[in-house]
1. Take residue 101 and tell me if it is among the aromatic types (Phe, Trp, Tyr) and over 23 Å from residue 236 (Cβ atoms).
2. For segment 234-278, which positions are touching a residue at least 40 places away in the same chain (Cβ under 8 Å), farther than 18 Å from residue 201 by Cβ and of a type in the set (D, E, K, R)?
3. Filter the strands (runs of 3 or more DSSP E) completely within segment 231-334 down to those with at least 2 residues that are aliphatic (A, V, I, L, M) and crowded, with 20+ Cβ neighbours inside 10 Å.
4. So which residues in segment 114-151 are surrounded by fewer than 20 Cβ atoms within 10 Å (Cβ to Cβ) and closer than 28 Å to residue 632 by Cα?
5. Name the residue that is farthest from residue 77 (Cα to Cα), counting only residues in segment 488-543 that are in a helix (DSSP H, G or I), among the charged types (D, E, K, R) and touching a residue at least 24 places away in the same chain (Cβ under 8 Å).
6. Give 618, 637 a once-over and let me know the one that is buried (at least 21 other Cβ atoms within 10 Å of the Cβ), within 19 Å of the chain's Cα centre (by Cα), β-branched (Val, Ile, Thr) and closer than 24 Å to residue 523 by Cβ.
7. Could you please let me know if residue 218 is more than 28 Å from residue 338 (Cα to Cα), in contact with a strand residue (DSSP E or B) (Cβ under 6 Å, 6 or more places away or on another chain) and touching a residue at least 24 places away in the same chain (Cβ under 8 Å)?
8. Which of the residues that make up segment 642-670 are at positive phi and touching a residue at least 60 places away in the same chain (Cβ under 8 Å)?
Amino acid sequence: MTVFHAAMPPVAAKRTVTHSAHGLNWSDEYAWIRADNWQDVLRDPETLPAEIRKLLRAENRYSAALLKDTATLQKLLVAEMRARIKEDDTAPPTPDGPFSYYERYNRGGEHPILCRRPREGGKEQIMLDGHKLSRGKDFFDLGDRAHSPDHTMLAWSSDEAGSELYTIRVRALGTGIDLDDLVTETGGDMVWTADSQGFYYVAVDANHRPSRVFRHVLGRPQSEDVLIHEEADAGMFVSISETQSGAFLLIDVGDHETSEVRVVDLTVPDAAAQLVHPRQVRLRYDVEHHGEQFLILTNKDGAEDFKIMSAPVTQPQIEHWRDLVPYREGCMIISHVCLRGRLVRMERENSLPRIVIHDLATGDESAIAFDEEAYGLGMDAGYEFDTDWLRFTYASMARPAETYDYNMSTRERRLIKTQEVPSGHDPANYTVRRLFATAKDGARIPISLLHRADLDIDGTAPCLLYGYGSYGSSMSASFRVRPLSLVDRGFVYAIAHVRGGTEKGWNWYQDGKLARKPNSFTDFIAVGKELARLGYTARGRIVAEGGSAGGLLMGAVANMAPDLFAGIIADVPFVDVLNTIMDATMPLTPPEWPEWGNPITDPDAFRTIQSYSPYENVRSQGYPPILAIAGLTDPRVTYWEPAKWVQRLRDRMTGGGPVLLHTHMAAGHGGAAGRFDSLKESALAYAFAIKAAGGFKPMTGHTLGNDDASGSVS
């Protein structure tokens with residue numbers, strides 16, 4: 001039996017603030033942990049008030065003390081996971097005009113090196129060395145990168161705080177030197193103009209929301225950049241992309257249920273943005289381009305799982321849209337792209353993905369799919385438009401990723417890369433299953449599952465059960481090297497495809513949002529119970545894991561079914577839902593209302609959120625061991641959400657635990673950006689999972705100690 005050391009947790013002061021809405025009051029005794037200058041902290045972590053810094057550091061020391069006996073295990077886990085990564089890896093080159101572009105890593109390199117070679121062969125040119133750029137920095141994330149159409153320059157962005165505020169620079173590829181151009185406070189993405197004389201980008205506003213699109217001309221200061229679009233609605237996010245044809249910039253404006261697209265002709269230096277169709281609540285559409293037509297993926301006319309329509313470039317308004325790929329219930333079209341003469345779409349049916357190539361001249365179709373119980377499939381159209389070749393990647397939970405080039409004319413598949421696992425990996429040693437659990441309302445919940453082929457299915461195995469279930473995101477059953485360290489130790493690794501995702505179509509998402517959000521939580525619990533019933537694990541042997549909105553899932557199931565779990569890992573968890581969604585100044589709050597409801601104006605939404613918000617529903621009961629992980633500069637789920645939650649849990653729980661908080665003091669939502677640095681975070685979580693599955697000594701109360709180990713933080 002693994003036991004837990006005697007150090008006692010930090011105890012934060014209580015300074016109760018009372019809030020009121022819709023005739024109801026609720027209190028928050030830890031509201032002070034939110035720094036008044038949190039926007040400054042995103043840009044400079046050193047501005048965090050001393051009292052809050054003291055608390056977070058004390059929490060980190062406490063977590064380290066309680067997991068001290070796993071220090072050797074954590075090092076071993078890092079070594080195992082690192083040994084499965086090919087350190088000097090190179091991605092398959094992607095051709096574009098006279099060059100082939102690719103990324104590679106040097107042995108020991110944390111960040112990629114961006115390279116190119118002449119298309120017909122020749123000397124490698126290093127365009128940008130991300131690893132060198134990261135040296136001496138506490139945090140470094142290489143964001144978007146795009147070479148200019150004339151292949152003479154590379155625009156690239158970086159974030160050096162973890163706050164997702166990116167600076168764009170431009171490198172002259174002839175000299176390897178960055179130009180004087182510096183564009184700050186952006187979302188990181190850029191799209192070049194066709195003449196290579198400038199690029200478009202999205203700027204964030206004072207509340208950290210991407211809201212304005214600018215055109216930057218090389219050689220001019222950012223202050224002279226031309227505003228192309230400004231979004232007045234704080235509930236809408238703005239993003240940019242480029243049609244595969246290279247002809248148009250796409251300005252996408254939307255939230256979780258409504259979209260609006262403007263197109264800008266990239267060949268016209270001073271082109272204005274042209275609206276395709278004005279936003280209409282719950283109408284969604286995405287635009288691609290081929291010749292004289294726009295190809296539009298949309299839910300128009302009740303096409304819940306989407307269809308594809310066409311419209312003339314000269315008349316893109318909705319009255320001119322015509323069906324091209326009709327709606328088929330139960331078959332969700334996820335994305336689409338146009339290549340010369342073809343429309344390529346990714347779709348999902350019965351929880352499994354496939355790629356379909358549609359000949360625009362004849363209407364003939366061919367599909368790329370695999371006969372597996374559970375697998376992941378990815379598509380990469382590359383840079384070029386006039387090509388017969390499409391790149392895709394296939395993997396299963398036991399089978400490393402295979403990258404293919406597919407000839408759409410001859411249907412030839414060329415295997416161009418297989419993911420290497422240097423330490424060795426035999427898929428035959430593992431079993432992959434697709435199972436289903438039955439929800440309390442009869443819904444069938446998919447489960448993707450991986451375990452050793454020689455595992456006895458007798459109810460004794462521990463299980464790591466992962467879940468997300470928000471925003472329509474689908475959890476892919478792809479190959480992941482990190483969970484193998486648990487699976488090889490006798491764990492079952494499972495993914496619960498709960499409602500709130502789109503694994504079973506758009507209705508699966510609709511059934512896990514707004515007033516039906518609790519379905520996500522009860523689905524996850526049903527999956528855990530079913531895995532126990534089938535003998536893959538047992539009640540009290542399951543370690544649950546989820547991050548961000550999946551962290552909300554973790555907080556909710558901890559309140560609802562604590563006895564089901566041996567432990568819970570909540571990574572950057574969205575657990576203070578009511579207080580965050582009631583605050584319209586937070587970066588994500590207004591765009592989130594279609595997902596959760598607007599509790600400010602809607603009493604029903606308020607009551608629903610209040611009924612499940614993990615922070616509001618911490619109870620006087622026993623809780624399993626919990627590890628919460630936060631990022632100080634996280635703009636999506638701010639550090640104080642898990643910090644407050646942990647304090648309230650410890651204050652109200654009657655037994656069980658422990659409850660740990662680890663805060664990355666120099667990182668944001670994604671944690672450490674380096675490919676090896678991030679392994680330490682996984683090792684911390686997996687060491688916690690292994691220890692939780694072995695059993696923590698129950699925590700029966702709190703005592704105060706000195707600040708070096710624990711103690712009062714007032």
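The values are calculated or read from the model by the stated rules, or taken from the named source; none is laboratory data. Here the structure is a predicted model, which means the values were calculated and not measured. Please note: Cβ atoms are built from the backbone with ideal geometry, for glycine as well, and neighbour counts cover all protein chains shown.
1. The answer is yes for residue 101.
2. Scanning segment 234-278 gives 255, 257.
3. Filter on segment 231-334 gives 237-242, 248-254, 259-265, 293-298, 307-312.
4. The answer is 129, 131, 132, 133, 135, 136, 137, 138, 143, 144.
5. Ranking the qualifying residues of segment 488-543, first place goes to 523.
6. 637
7. yes
8. 656 - this is the single residue of segment 642-670 that is at positive phi and touching a residue at least 60 places away in the same chain (Cβ under 8 Å).
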